[in-house]
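Step one of this worksheet: look at the structure below.
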Amino acid sequence: MEKTVYMVMSTDVIHGGHIAIINKAKKLGRLIIGVLSDEALAGYKRFPLIPYEERIVLYQNINGVSEVVEQKTLSYKDNILKYKPDYVVHGDNWVNGFQEPIRKEVIETLKTYGGELIEYPHSDDPKYKAIDDRARLELSLPDFRRARLKRALDAKGLITAMEAHSGITGLIVEKTMVEENGGRKQFDAMWVSSLCDSTSKGKPDIELVDMTSRFRTIDDIMEVTTKPIIFDGDTGGLKEHFVYTVRTLERMGVSMVIIEDKIGLKKNSLFGTEVKQTQDSIEDFCEKIKAGKDAQKSKDFMICARIESLILEAGMEDALTRAFAFVDAGADAIMIHSRKKEPDEIFEFVEKFREKDKKTPIVVVPTSFNTVTEEEFKERGVNIVIYANQLTRAGFPAMQNVAKEILKNHRAKEVDDKCISIKEIITLIPEDY
Ligand code: SPV
Ligand code: MG
C-alpha cells in the first residue's frame, strides 16, 4: 500500500527551498500538506501576508501535493492521530530552540503507531532570507498595516496591545517574545497612549501635546516597526477637526482611533471624579462618530467609541445606553473604562452589552483591574486588551534610580549592572531596517 507523508507549511511566500523539500517528500508517498491557521502562524513566524483561505489554494496547486488540510495549532498531535502518516517530514532547524517541545511531541505521537520523523538539512541560503526580509518590509506598508488589526481580531478573537511612545518603545513592543507551548507569544498591536506620549514630553495629559506632535510620535514608531497601531485620540477634539485626524491617521496606516465621550478640558481618566470632567451629550458624540466614519476612505480603518460613564460614576445604564447609541452611529468598537480595582463593573457591562450585541469588539484597559487574565477576558467576550502605560511606569523609576546612584557615588560603576549592555542596545536596533 502507498505510504502517506505529512508535512506542515508555515510560509506564505513559496520559494525554491520549499519546492525542493516537497519534491523529496512526495517521493516517500502520498503527500498531505498541513496549513497553519493565521493565528498559529503568527505565533510561530510572523503575521501572514496571505490569509489562510488563500494559502490553502496556493498549496493545493503545487505539483505533487495530494491533499491539503488545516492544522489549527502549532501542535501536530491531532492531525498525526487523524491522518496516521507513515512519515512526518521537517527541516532539521527545529532540533534546538523554541520548537523543541513540538518536535518531541511529534516523535512521541508517531511512536504510538510506528510512524517515523524524517528531517532534511535546513537551507540557510541568503537568497531565501532576502525573500523573507522583503515580506517583512511589506508588513510595514500603510495599507497592509492598517488592515492587520481587523485580520488579527478575526483570527484570534482576543488581541493584546502594549503602549509605545517612541521608536525604541515601539521596537520593544515589536520584538519582545516569550516561548510558550512550542510557539512564541508576543503583543499583537501597539497603543499610542496620550498619557505616555505626553509624559515622555514632560507634559500633562490634557490634550496639550498637539496632533502634529502626536503624528510625529506615530511616524517614529512606524519607521521601525510593523505591528498595527491603535491611537488614543483623546476626545477627538472638535468634530470639524476630527475628520482631518481620521484622514491623516488612515493615510499613515494606523488601524484604529479611540475617542472618549468627554468635552472641555480633558484630564486623564485615572483621576476619576477627583477632577471636574464633563461627558459629551449622546447626540453630539454620535455626530462626531458619524463625521469620522464619513471622512474615512478605506474599509479597514476603525473608530472606537470610549465610554467614560463608569469613570465619572454616571452609572451602568448610562454606559450601556451610550454604547448602543455609539454603535448605531457607526462606531466599529466600544471601549469601556473603569478605575476600580475589582473588575465587577467591567464584567457586568460586558455581559449586558453582549446580551444584545454579539459582535462589536469590546476594548478594555486593565490598569486598575489588573488581576484578570487575557483568557478570562476572552471568555467573557472582550476582544482587545490594552496595556496602556506599563512600559512608561517601568522605565522612569529605573532612570530615576540610576540618576540618584550616580549622584551618590560620584561615578557610574555602581549602576553598570542595572543598565542594558551596549551590545544588547546595538542588537535591539537593527541597522538594516
Ligand atoms: C491613555 O493611555 O492615555 C489612556 C488610558 O487614555 S487611561 O490612562 O487609563 O485613561
Ligand atoms: Mg489617554
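The table below lists the values:
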item: Criterion (within 15 Å of ligand 2 (Cβ to nearest atom), of a type outside the set (Ser, Thr, Tyr) and either open to solvent by less than 70 Å² (accessible area, probe 1.4 Å) or part of a strand (DSSP E or B) (or both)) met by exactly one of Val209, Val243; result: Val209
item: Subset of the range 275-296 [assigned to a loop (DSSP other than H, G, I, E, B) and of a type in the set (S, T, N, Q)]; result: Gln277, Ser281, Gln296
item: Within the range 265-309, considering residues that are of a type in the set (Gly, Ala, Ser) and in contact with a strand residue (DSSP E or B) (Cβ under 9 Å, 6 or more places away or on another chain), the one farthest from ligand 1 (Cβ to nearest atom); result: Ser281
item: Top-ranked residue in the range 219-238 [being of a type in the set (Asp, Glu) and part of a helix (DSSP H, G or I); ranked as farthest from ligand 2 (Cβ to nearest atom)]; result: Glu223
item: Residue check, Ala305 touching a helix residue (DSSP H, G or I) at 6+ places or on another chain (Cβ under 7 Å), touching a residue at least 24 places away in the same chain (Cβ under 8 Å), open to solvent by less than 30 Å² (accessible area, probe 1.4 Å) and part of a helix (DSSP H, G or I); result: no
item: Candidates Leu49, Leu31, Leu41, filtered to the one that is at pLDDT 95 or above and open to solvent by less than 50 Å² (accessible area, probe 1.4 Å); result: Leu31
item: Ile168 away from ligand 1 (no atom under 16 Å from the Cβ), open to solvent by 50 Å² or more (accessible area, probe 1.4 Å) and assigned by TED's automatic domain parsing to the domain that holds Thr373; result: yes
item: Hey, Ile384 within 16 Å of ligand 2 (Cβ to nearest atom), in contact with a helix residue (DSSP H, G or I) (Cβ under 8 Å, 6 or more places away or on another chain) and not basic (Lys, Arg) or not; result: yes
item: Matching entry among Asp280, Asp234, Asp300 (being on the phi > 0 side of the Ramachandran plot and either buried (at least 17 other Cβ atoms within 10 Å of the Cβ) or touching a His at 6+ places or on another chain (Cβ under 8 Å) (or both)); result: Asp234
item: Residue pairs meeting the criteria (Cβ under 8 Å; at least 6 apart or on separate chains; first farther than 14 Å from Leu208 by Cβ, in the range 263-276; second basic (Lys, Arg) and open to solvent by 70 Å² or more (accessible area, probe 1.4 Å)); result: Ser269/Arg339; Leu270/Arg339; Gly272/Arg339
item: Given (1) away from ligand 2 (no atom under 16 Å from the Cβ); (2) surrounded by 15 or more Cβ atoms within 10 Å (Cβ to Cβ); (3) in contact (Cβ under 8 Å) with a residue 24 or more places away in the chain, index of the condition Val402 fails; result: (3)
item: Boolean, Ile336 is out of contact with any Cys (no Cβ under 6 Å at 6 or more places or on another chain), β-branched (Val, Ile, Thr) and closer than 21 Å to Ile159 by Cα; result: yes
item: Unmet requirement for Val173, which otherwise passes all of (1) over 25 Å from the mean Cα position of the chain (by Cα); (2) hydrophobic (A, V, I, L, M, F, W, C); (3) assigned to a helix (DSSP H, G or I); result: (1)
item: Some residue of the range 261-273 being assigned by TED's automatic domain parsing to the domain that holds Ser198, in a strand (DSSP E or B) and within 16 Å of ligand 2 (Cβ to nearest atom); result: yes
item: Boolean, Ile259 is more than 19 Å from the chain's Cα centre (by Cα), within 15 Å of ligand 1 (Cβ to nearest atom), among the aliphatic types (A, V, I, L, M) and closer than 22 Å to Lys288 by Cα; result: yes
item: Candidates Lys201, Lys227, Lys185 - the one that is open to solvent by 60 Å² or more (accessible area, probe 1.4 Å) and either away from ligand 1 (no atom under 15 Å from the Cβ) or under 17 Å from Ile159 (Cβ atoms) (or both); result: Lys185
item: Helices (runs of 4 or more DSSP H) contained in the range 53-159 and holding at least 3 residues more than 20 Å from the chain's Cα centre (by Cα) and more than 30 Å from Val246 (Cα to Cα); result: 77-83, 100-111, 126-139
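To keep it simple, each residue is scored yes or no on (1) assigned by TED's automatic domain parsing to the domain that holds Gly315; (2) over 20 Å from the mean Cα position of the chain (by Cα); (3) surrounded by 20 or more Cβ atoms within 10 Å (Cβ to Cβ).
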| position | (1), (2), (3) |
| --- | --- |
| Ser338 | yes, yes, yes |
| Asp344 | yes, yes, no |
| Glu348 | yes, yes, no |
| Glu355 | yes, yes, no |
| Lys358 | yes, yes, no |
| Thr367 | yes, no, no |
| Glu379 | yes, no, no |
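The values are calculated or read from the model by the stated rules, or taken from the named source; none is laboratory data. Predicted model, so just to flag it, every value in this text is computed and none were measured. Backbone-built Cβ (ideal geometry, glycine too); neighbour counts: all protein chains shown. Note: accessible area is taken over every heavy atom of the protein model, side chains too, but ligands, DNA and RNA are not part of it. Shrake-Rupley method; radii C 1.70, N 1.55, O 1.52, S 1.80 Å.
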